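Colleague: The structure follows.
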Amino acid sequence: MSTPATPSPPPASGGEVVAIFGGRSEIGLAVARRLAPGRTIVLASRPGADTSALGAPLADAGAAAVEFVDFDADDLDSHAAVVADIESRIGEITVAVLAFGILGDQALAERDASAAARILHTDFVAQAALLTVLAERMKPRRRGTLVAFSSVAGQRVRRANYVYGSAKAGLDGFASGMADALHGTGVTLVIPRPGFVVGRMTEGMDPAPFSSTPDQVADAVVARVQARRAGVVWIPWQLRVMFAVARLVPQPVWRRMPR
Ligand SMILES: NC(=O)c1ccc[n+]([C@@H]2O[C@H](COP(=O)([O-])OP(=O)(O)OC[C@H]3O[C@@H](n4cnc5c(N)ncnc54)[C@H](OP(=O)(O)O)[C@@H]3O)[C@@H](O)[C@H]2O)c1
């Protein structure tokens with residue numbers, strides 16, 4: 001049985017609260033800058049991570065306040081307490097962006113079971129756990145928006161990055177089902193499916209066709225959040241067509257696809 005959410009006080013700043021889980025994420029911060037005007041931004045980052053430079057750009061973008069919270073996604077047992085702490089001290093979360101994730105070392109994960117499990121744990125299990133905690137708090141209030149980052153890597157998993165890709169496939173399935181379960185509850189779950197994003201996570205890799213930037217991803221995500229429309233957002237939209245065709249590619253060809 002689920003526990004009803006504890007009623008939380010209004011935000012100290014009097015505005016909405018946007019929480020970025022994985023508070024140093026390039027994409028998460030680009031989303032935060034766009035949602036900043038008049039809102040409190042909470043950056044929930046790994047304990048000990050350097051967040052000293054992250055507040056000023058959000059204040060410049062018009063944030064009512066910027067708050068910093070320790071959050072280790074891999075520590076599943078801490079999720080409920082972190083969310084409860086944000087809501088009791090800072091205010092009810094209106095938009096929660098799950099921006100944490102790791103690409104991991106595919107070659108290592110092919111040989112080392114614990115390395116494979118770490119990627120699946122962060123990119124699938126921890127995401128599913130936090131989405132569940134957040135949805136259970138938002139449902140009784142009948143409002144709130146969740147953002148869970150899928151990827152085209154999970155649409156048809158490639159040999160070259162099957163560990164990360166399978167985690168994203170799992171997350172995409174979980175989030176798609178949850179978005180349907182939330183239909184009619186007043187809570188919206190947005191599922192961005194970006195292609196290759198040129199940024200820190202992909203540093204040193206050759207960009208794939210239809211690459212985008214963190215700013216382009218954030219534009220598409222924020223437009224969808226503001227429209228309060230649940231479901232998948234392909235970024236860019238052309239990838240929807242490309243992956244409809246990709247499903248038809250014979251396996252002997254698909255197996256040679258680059259990362
Ligand atoms: N970049 C792409 O090509 C791409 C494409 C499709 C989907 N996505 C997805 O989009 C999301 C955002 O990616 P991004 O490009 O913004 O990547 P990013 O800049 O590398 O950010 C990922 C963030 O996740 C944080 N993180 C990792 N493990 C964590 C943990 N256990 N607890 C708390 N935080 C943790 C990292 O923290 P530290 O800063 O402390 O390392 C980092 O700030 C991810 O889910 C990613 O898989 C990215």
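Quick note: the coordinates plus some simple rules give every number you see, no bench work behind them. From a predicted model like this one, the values you see are computed outputs, not experimental measurements. We place every Cβ from the backbone using ideal geometry, glycine too, and count neighbours over all the protein chains shown.
Colleague: Would you please classify the overall shape of the stretch 194-259 from the alpha carbon gyration tensor, given that a ≥ b ≥ c denote the square roots of the eigenvalues, rounded means a/c under 1.5, and beyond that prolate means a/b larger than b/c while oblate covers the rest?
Modeller: Oblate shape, in that a/c is at least 1.5 and b/c is the bigger or equal ratio.
Colleague: Between ARG156 and ASP75, how high is the FRET efficiency from 1/(1 + (r/R0)^6) when r is the Cβ-Cβ distance and R₀ = 41 Å? Nearest 0.05.
Modeller: 0.80
Colleague: Contour minus end-to-end for ALA244 and ALA115, with contour as 0.36 nm per residue of separation and end-to-end as the Cα-Cα distance?
Modeller: 43.3 nm
Colleague: Turning to a different aspect of this structure: For the chain, list the DSSP H helices whose alpha carbon atoms reach 24 Å or more along the long axis and whose average Kyte-Doolittle value is -0.5 or above?
Modeller: 162-182
Colleague: For TRP237 and ALA84, FRET efficiency with R0 = 35 Å and r from the beta-carbon atoms, rounded to 0.05?
Modeller: Calculated value: 0.40.
Colleague: Once you have a ≥ b ≥ c as the square roots of the Cα gyration tensor eigenvalues for the stretch 152-230, tell me rounded if a/c is under 1.5, and otherwise prolate or oblate according to whether a/b is larger than b/c.
Modeller: Cα axes put the stretch 152-230 in the oblate bin.
Colleague: For the chain, what is Rg from Cα atoms divided by 2.2 N^0.38 Å, rounded to two decimals?
Modeller: That ratio works out to 0.99.
Colleague: While we're looking at this one, here's another question. Antiparallel DSSP bridges in the chain: what percent, to the nearest 5?
Modeller: 5 percent
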